[in-house]
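Worksheet: one structure, shown below.
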Amino acid sequence: MKNEPRPSARKANLVRYVLVIAVLSAALWYGRTRSGPDLTPHFQSLFPQATTFQSSNAIATAFDVEGRSLGWTTVGSAPGFGGPMLVAVGIQPNGEITSASVVEHKETPMFFQMVKAPDYFASLSGREFDSIDFEENIDAVTGATLSTEALAASVKDGVTRIAAEQFDVHIPV
């Protein structure tokens with residue numbers, strides 16, 4: 001006579017399987033429906049004097065305490081080695097870039113630190129968006145060429161969006 005599981009043991013196993021499936025389904029649903037990274041700290045770093053941000057068409061307008069517009073910010077994206085790279089970029093009403101901030105990336109940390117070392121973002125600050133060759137000040141880091149190119153392409157994507165929407169200027173892709 002074989003050792004057959006008792007009916008109560010079979011019920012317990014069935015309950016465990018159902019719970020595991022329910023937890024995995026909930027985790028999958030949450031992962032697909034969450035809103036993404038919190039952009040406020042990145043936008044705030046681009047416009048430190050801003051007290052509020054108002055979003056429209058993927059572009060946020062920064063306002064000071066008196067309600068004056070300080071400029072616009074958005075998130076640009078480009079494919080990197082590890083996946084999409086998201087970079088927040090800000091532009092003032094006079095067309096000058098304030099700076100940029102990496103929102104999210106999946107690059108290898110060691111290589112990404114080397115890519116950020118030359119401080120590409122500082123070289124953009126204060127320059128007019130329509131006079132920049134986005135690849136001119138960024139040197140490809142050996143072993144991190146895709147990460148380097150993704151950084152420049154993400155900034156260009158964000159700047160291109162703000163230029164078209166706020167200045168009616170179309171920068172070639």
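The values are calculated or read from the model by the stated rules, or taken from the named source; none is laboratory data. All values derive from a computational prediction rather than experimental measurement. Here the Cβ is made from the backbone with ideal geometry for all residues, glycine too, and neighbour counts use every protein chain on show. The area values use the complete protein model at the heavy-atom level, side chains included, leaving out ligands, DNA and RNA. Shrake-Rupley method; radii C 1.70, N 1.55, O 1.52, S 1.80 Å.
A simple spin-label model places pseudo-atoms 7 Å from Cα toward Cβ; at Asn13 and Lys106 they are separated by 3.6 nm.
One chain, two ends: Ala58 and Val23. Fully extended at 0.36 nm per residue, the span grows by 9.3 nm beyond their Cα-Cα distance. Going by accessible surface with a 1.4 Å probe and the largest first, Lys156, Lys106, Lys11 read Lys11, Lys106, Lys156.
Amide H to amide H, with H built 1.01 Å from N, Val103 comes under 5 Å of Leu86, Val87, Ala88, counting only residues 5 or more places away or on other chains.
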